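These notes concern the structure reproduced below.
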Amino acid sequence: MNQERVDGRLRFVRSLHLTSCQMGAEEVLRCLDETPIAIVIGSSTAGTLNTQITALTALNLLGRLFRHLFICVPPNAIVDERLPFVQGQLDRALLQFATRVSPEIIAEPVVKPPAGAVELHISDDCPAANKRHIYCTGAGWLARVGRRAVYLSSAEAARGNPIGPLIAAALGVAEVFKLVFGDVLQGVVPIEDISFSALTYQAQGKLIGPDLGRVTLPPTLLVGAGSIGSSFLWGLAHLQNTQGTLTIVDHDKLEIHNPDRAPLVLDDAAELGLEKSQWARDTVQPWLPGLKITPYTGTIRQYIDSLPQDYTLPLAISAVDSIESRRDIQDALPARILNASTGPTKIEITRHAHFGKDACLYCLYLPEILDRPPIRLAMERTGFGQKDVAELMLPNNPRRLTAGNIRGIEQRNNLAPGTLNEFTGRSLQDLLAQELWYSQAPIPLETGHALVTTAFVSALAGFLLLAETLKEANPAFAPYRLNGIYEQELLSMPNEFLYPGQRDKTGYCLCWDKQTRQRLYNQKYVQIDGVVS
Ligand SMILES: [Zn+2]
């Protein structure tokens, strides 16, 4: 029981829909601890940066779940000096890194994986298909993953862009997970062969894509250094020459569950209870000498309060796990927002610009809020529709309760006629503020916090946020910037689920506030640039 509470790996697997042949907790843990997983690197590509990025990241993500790993690397391959966190001879570097992910990992160097191992083959010179083999490789903006040998014709090209290789690792590890648990998990769809483009979100992408060139981040604010935020930073550390400024805001300290899903947590850092923003900066700064990284420990609200009034936020990255924090990020009025959220095995990436015109970040989560107290409570109590309640509850809304409204509410609540007379001509807020009113039947609050997930899920979210950030950093990539929402279920396959965000229609969202927020936003950005693209 105790172990179940502590071991996030177990909580994650049990949060998934197991079929009728329920696995017991012990069996789940045994699968994670004992299934032999091998990382196999082909000899002709072991020396390439692309292959090494995928191998290191896959090892990192696998190590957050599985405990028995085999490293099958051709001898004499040397770590590319652009690869962060490791150096020297590749096989030894990977073995050593595994113990940094978790001291509980047993990693063994082998020439050939043992029989029965699940094999993750990285690179395109691997032996033919086998039921327990996964193949993955990445280059440029492309990640190619499958159950049969896959290759990218120009895997040598687009060196220096880590996105494809990083995503290949996340998708490859997701396939390993599916294979290990495949027969007991519902909704698992194996990937036969896809070639996912982080440039276009196409699942049969062809474009390794234009070169990144020199990366200079616009002044960027990363809110949240948890599992998604630290995946973003893990990816960024592969771009050694990045210039510009990055501020990391997080109010939290590292906690004991962080190693399960945050790829930046190494060497038992979580045990030290460090402040996340500082720790994240200290962990990646050595690999990013040209990027000025500033940590801030506090909430986004506290951070904004620390700025001069005429501050601007050209780009904010929302890597938080609650709707309230997303609301606060939107309310800080960044020019543009990139946002990610994760469920147990699902990710969603959204992009927001043109505040007051397109769906803002809060618009997307508002339906959930409107479904929660106090709106839901107010609907329950009054019998009014959602839109009416939302409108009546807006601060400064001129609409007042009529005598007819009050009679209806009395009836609905079995109150004697006239009980609520004093509220005729007053606001709904006044009525709801009555303590008596609330004490009647409490409705349980949902917290809206992220469900238990695991490293390969938040890693994909973080890597896609990084891809979008790179598109923001360079006007040449503007045509490829995400328009609306991208959604992906990691137990299934990339499905090109791109759709526009719906702007809030109830008028409740903060982006309808013309007088203050829209005016401020336009003052900050539109009048300067002429346009916010
Ligand atoms: Zn909105």
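The values are calculated or read from the model by the stated rules, or taken from the named source; none is laboratory data. This structure is a prediction, so every number in the text was calculated from the model and none was measured. Note that we place each Cβ from the backbone using ideal geometry, even for glycine, and neighbour counts take in every protein chain shown.
Among 113, 127, which is the only one that is surrounded by 20 or more Cβ atoms within 10 Å (Cβ to Cβ), modelled with pLDDT under 95, outside the structural domain of residue 258 (by TED's automatic domain parsing) and over 28 Å from the mean Cα position of the chain (by Cα)?
113
Would you check if there is a residue in region 491-510 being part of a helix (DSSP H, G or I), more than 16 Å from the ligand (Cβ to nearest atom) and either outside the structural domain of residue 162 (by TED's automatic domain parsing) or modelled with pLDDT of 90 or more (or both)? Give the steps one after another, and end with the answer.
Initially, region 491-510 is screened for residues part of a helix (DSSP H, G or I), giving 510.
Going one step further and asking which of them are more than 16 Å from the ligand (Cβ to nearest atom), we end up with none.
Checked region 491-510: no residue is part of a helix (DSSP H, G or I), more than 16 Å from the ligand (Cβ to nearest atom) and either outside the structural domain of residue 162 (by TED's automatic domain parsing) or modelled with pLDDT of 90 or more (or both).
Would you say residue 421 is surrounded by fewer than 18 Cβ atoms within 10 Å (Cβ to Cβ) and touching a residue at least 24 places away in the same chain (Cβ under 8 Å)?
Working: surrounded by fewer than 18 Cβ atoms within 10 Å (Cβ to Cβ): yes; touching a residue at least 24 places away in the same chain (Cβ under 8 Å): no.
Here the answer is no, as residue 421 does not meet what is asked.
Are any residues in region 329-352 farther than 20 Å from residue 479 by Cα, buried (at least 21 other Cβ atoms within 10 Å of the Cβ) and either in contact with a helix residue (DSSP H, G or I) (Cβ under 7 Å, 6 or more places away or on another chain) or not assigned by TED's automatic domain parsing to the domain that holds residue 515 (or both), and if so, which ones?
Listed by number, the residues that qualify are 329, 330, 333, 340, 342, 345, 347.
For region 463-503, which positions are without any contact (Cβ under 8 Å) to a residue 60 or more places away in the chain and either among the hydrophobic types (A, V, I, L, M, F, W, C) or under 18 Å from residue 174 (Cα atoms) (or both)?
478, 497
Considering only region 183-198, how many residues are outside any strand (DSSP E or B) and modelled with pLDDT of 95 or more? Step through it out loud before you land on a result.
Start the filter on region 183-198 by keeping residues that are outside any strand (DSSP E or B), which leaves 183-184, 186-192, 198.
Narrowing further to those that are modelled with pLDDT of 95 or more: 198.
So the answer is 1.
Return the residues of region 403-426 that are more than 16 Å from residue 379 (Cβ to Cβ), within 46 Å of the chain's Cα centre (by Cα) and part of a loop (DSSP other than H, G, I, E, B); say none if nothing qualifies.
Correct list: 426 only.
Does residue 391 fit the bill of being within 16 Å of the ligand (Cβ to nearest atom), in a helix (DSSP H, G or I), closer than 30 Å to residue 221 by Cβ and modelled with pLDDT under 90? Write out each step before concluding.
On the way: within 16 Å of the ligand (Cβ to nearest atom): yes; in a helix (DSSP H, G or I): yes; closer than 30 Å to residue 221 by Cβ: no; modelled with pLDDT under 90: yes.
Judged against the criteria, residue 391 is not a match.
Where residues in region 8-31 are at pLDDT 80 or above and among the hydrophobic types (A, V, I, L, M, F, W, C), which of them is surrounded by the fewest Cβ atoms within 10 Å (Cβ to Cβ)?
The extreme case among them is 25.
Among the residues of region 276-310, write down those that are among the basic types (Lys, Arg) and either farther than 24 Å from residue 259 by Cβ or surrounded by fewer than 19 Cβ atoms within 10 Å (Cβ to Cβ) (or both). Let's see the steps before the verdict.
Of the residues in region 276-310, the ones among the basic types (Lys, Arg) are 276, 281, 292, 301.
Result: 292, 301.
For region 197-217, state whether one or more residues are more than 19 Å from residue 319 (Cα to Cα), crowded, with 24+ Cβ neighbours inside 10 Å and among the polar types (S, T, N, Q).
yes
Could you tell me how many of the residues in region 332-347 are out of contact with any Gly (no Cβ under 9 Å at 6 or more places or on another chain) and either within 18 Å of residue 12 (Cβ to Cβ) or within 13 Å of the ligand (Cβ to nearest atom) (or both)? Explain how you work it out, then say what you get.
Within region 332-347, the subset out of contact with any Gly (no Cβ under 9 Å at 6 or more places or on another chain) is 332-339, 341-344, 346-347.
Next cut, either within 18 Å of residue 12 (Cβ to Cβ) or within 13 Å of the ligand (Cβ to nearest atom) (or both) only: 333, 337, 339, 341-344, 346-347.
The total comes to 9.
Go through region 402-419 and give me each residue that's at pLDDT 80 or above and within 21 Å of residue 390 (Cα to Cα).
Restricting attention to region 402-419, the residues satisfying the condition of being at pLDDT 80 or above are 402-411, 416-419.
Scanning region 402-419 gives 402, 403, 404, 405, 406, 407, 408, 409, 410.
Checking the conditions here, which among 380, 368 is within 16 Å of the ligand (Cβ to nearest atom), in a helix (DSSP H, G or I), surrounded by fewer than 18 Cβ atoms within 10 Å (Cβ to Cβ) and touching a residue at least 12 places away in the same chain (Cβ under 8 Å)?
Details: 380 fails: within 16 Å of the ligand (Cβ to nearest atom).
Just one listed residue meets the conditions, 368.
Let me spell it out: the conditions are (1) over 19 Å from residue 249 (Cα atoms); (2) surrounded by fewer than 22 Cβ atoms within 10 Å (Cβ to Cβ); (3) within 14 Å of the ligand (Cβ to nearest atom), and residue 355 meets all of them except one. Which number is the exception?
(2)
Please go through region 327-344 and pick out each residue that is closer than 24 Å to residue 261 by Cα and touching a strand residue (DSSP E or B) at 6+ places or on another chain (Cβ under 6 Å). Steps first, answer last, please.
So in region 327-344, the residues closer than 24 Å to residue 261 by Cα come out as 329, 337-344.
Once the filter is applied, which keeps residues that are closer than 24 Å to residue 261 by Cα and touching a strand residue (DSSP E or B) at 6+ places or on another chain (Cβ under 6 Å), region 327-344 yields 329, 337, 338, 339, 340, 341.
In region 25-125, which helices (runs of 4 or more DSSP H) lie fully inside it and hold 3 or more residues that are charged (D, E, K, R)? Show your work before the answer.
On the way: elements: 25-34, 49-63, 90-101.
Correct list: 25-34, 90-101.
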